[in-house]
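Engineer: First the structure, which I've put down as structure tokens, then a few questions once you've had a look.
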Amino acid sequence: MLWLLRVGVLGYRRWASGRGPLRRVRCTFEQTESCSAFGLRISRDAPNATIAVRLIRRRLRACGDACVHLDSARSGATLYWGPLYDRLHAPATASLLAWELPDTQAAVARVESVVREPSAVRLAPRALVEQLGAPRVLLRGGSGDQSRARRLYITAGSWALVVFTLIWFASFIGWLWPLAALACALGARATWRAWYRLDAWRERRAELIASADFEHFG
């Protein structure tokens with residue numbers, strides 16, 4: 001199973017990464033160890049496939065939750081950061097970082113030190129880059145809505161393709177209908193979760209701005 005997992009990650013790196021709908025997707029940890037590189041290392045070092053899959057899933061979620069966005073469209077520059085830094089010392093997060101390389105752990109720790117204060121929302125771009133140092137997590141542009149909306153579209157489109165393919169085959173092979181129904185349910189759940197994360201990100205941005213304004217005007 002570990003060998004199959006490694007082959008799957010290699011196939012993604014060879015034929016899917018940076019191509020098609022994934023051409024604009026960039027890993028938050030690309031300056032230290034990308035998610036696909038993490039998957040290859042874990043598939044080699046993990047004691048069994050169950051642990052490997054669990055760690056890779058946690059890493060993929062952390063890739064979205066550890067993002068840092070610098071939005072220059074607003075007056076000045078506004079910094080938004082993912083929810084990973086709010087729960088960085090939780091047991092589940094600590095166990096994830098235990099498998100990370102020292103450079104990745106250091107990059108996450110530097111971001112945490114920068115965003116600990118609410119006034120960080122109004123940091124100037126030059127000061128932010130100097131404080132984050134290198135290597136660091138990827139500093140993305142914009143408010144973050146587009147990247148999460150893109151995840152929603154990719155999730156919904158991928159599951160729709162799977163469901164329609166299974167329905168087409170099920171029209172010839174009757175026993176595939178339960179599998180198509182299961183895929184439909186899983187796809188609906190995954191799409192809802194992607195939409196929920198987009199909505200939660202928008203609420204989080206509003207809370208960060210409100211907190212920074214309170215600190216500034218209070």
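Rule-based calculations on the coordinates, nothing more; no lab input. Just so we're clear, the structure is a prediction, and the values are computed from it rather than from any experiment. All Cβ positions, even for glycine, are placed from backbone atoms using ideal geometry, and neighbour counts span all protein chains on display.
Engineer: Considering the Cα trace of the chain, what is its radius of gyration and what is Dmax, both in angstroms?
Structural biologist: My reading of the Cα-based Rg and Dmax gives 19.6, 68 Å.
Engineer: Another one. Per residue of the stretch 14-24, in order, report the coupling 6.51 cos²θ - 1.76 cosθ + 1.60 (Karplus, θ = phi - 60°) as ³J(HN,Hα) in whole Hz, putting x for Gly and Pro.
Structural biologist: In residue order, the calculated couplings are 7, 10, 10, 4, x, 10, x, x, 9, 5, 9 Hz.
Engineer: Also, quick follow-up: With the dipole of the stretch 59-218 worked out from charges on the C-beta (+1 for Lys and Arg, -1 for Asp and Glu) around the Cα centre, which of 94, 165, 139 lies farthest toward the positive end?
Structural biologist: The Cα lying farthest towards the positive end belongs to 165.
Engineer: Here's another thing I want to ask about it. Quick one: dipole size for the chain, taken about the Cα centre, charges +1 on Lys/Arg Cβ and -1 on Asp/Glu Cβ, in debye to the nearest 20.
Structural biologist: On the way: 31 positive and 17 negative charges, 157 e Å.
So the dipole magnitude of the chain works out to roughly 760 debye.
Engineer: Then there is this: Hey, can you rank 106-114, 10-18 by average C-beta count inside 10 Å, highest first?
Structural biologist: Values: 106-114: 18.4, 10-18: 12.6.
Top to bottom by mean Cβ count within 10 Å: 106-114, 10-18.
Engineer: Between residue 158 and residue 86, what is 0.36 nm times their sequence separation minus the Cα-Cα distance? Round to one decimal in nm.
Structural biologist: Details: separation 72, 0.36 × 72 = 25.92 nm, distance 3.08 nm.
Gain in length upon complete extension: 22.8 nm.
Engineer: Per 5 Å bin, what percent of the C-alpha pairs of the stretch 123-194 does each bin hold, from zero upward?
Structural biologist: Binned Cα distances yield the sequence 3, 15, 16, 13, 11, 9, 8, 8, 6, 5, 4, 2, 1.
Engineer: Let me ask something else about it. With point charges of +1 on the Cβ of Lys and Arg and -1 on the Cβ of Asp and Glu, referenced to the Cα centre of the chain, which listed residue (17, 7, 115) lies farthest in the positive direction of the dipole?
Structural biologist: The one lying farthest along the dipole's positive direction is 7.
Engineer: Counting helices only, and only those DSSP H runs with n ≥ 4, report the 222 nm mean residue ellipticity of the chain as the sum of -39,500 (n - 2.57) divided by its residues, in deg cm²/dmol to the nearest 500.
Structural biologist: Details: 8 runs with 134 residues, N = 218.
It lands at -20500 deg cm²/dmol.
Engineer: Using alpha carbons only, how many degrees (0 to 90, rounded to 10) separate the axis of helix 35-45 from the longest principal axis of the chain?
Structural biologist: 70 degrees
Engineer: Another question, then. Using 0.36 nm times the number of residues separating residue 45 and residue 22, minus their current alpha carbon distance, what extension gain do you get?
Structural biologist: Numbers: separation 23, 0.36 × 23 = 8.28 nm, distance 2.73 nm.
Full extension of this stretch gives 5.6 nm more.
Engineer: In whole Hz and in residue order, list the ³J(HN,Hα) couplings for the stretch 206-211 that follow from phi through the Karplus curve 6.51 cos²θ - 1.76 cosθ + 1.60, θ = phi - 60°; x for Gly and Pro.
Structural biologist: Each residue's phi maps through the Karplus curve to give 4, 5, 5, 5, 4, 5 Hz.
Engineer: Taking the 0 to 90 degree range and rounding to the nearest ten, how far is the long axis of helix 49-65 tilted relative to the main principal axis of the chain, both from C-alpha atoms?
Structural biologist: Rounded to the nearest ten degrees, it is 40.
Engineer: Then there is this: Relative contact order, percent, of the stretch 1-143 when contacts are C-alpha pairs under 8 Å separated by at least 6 residues?
Structural biologist: Details: 170 pairs, mean separation 41.1, N = 143.
Answer for the stretch 1-143 is 29 percent.
Engineer: Expected output is a single nm value to one decimal: the length gained when fully extending between residue 192 and residue 165, i.e. 0.36 nm times separation in residues minus the C-alpha distance. What is it? Show your work: numbers first, answer last.
Structural biologist: Details: separation 27, 0.36 × 27 = 9.72 nm, distance 2.09 nm.
Here the answer is 7.6 nm.
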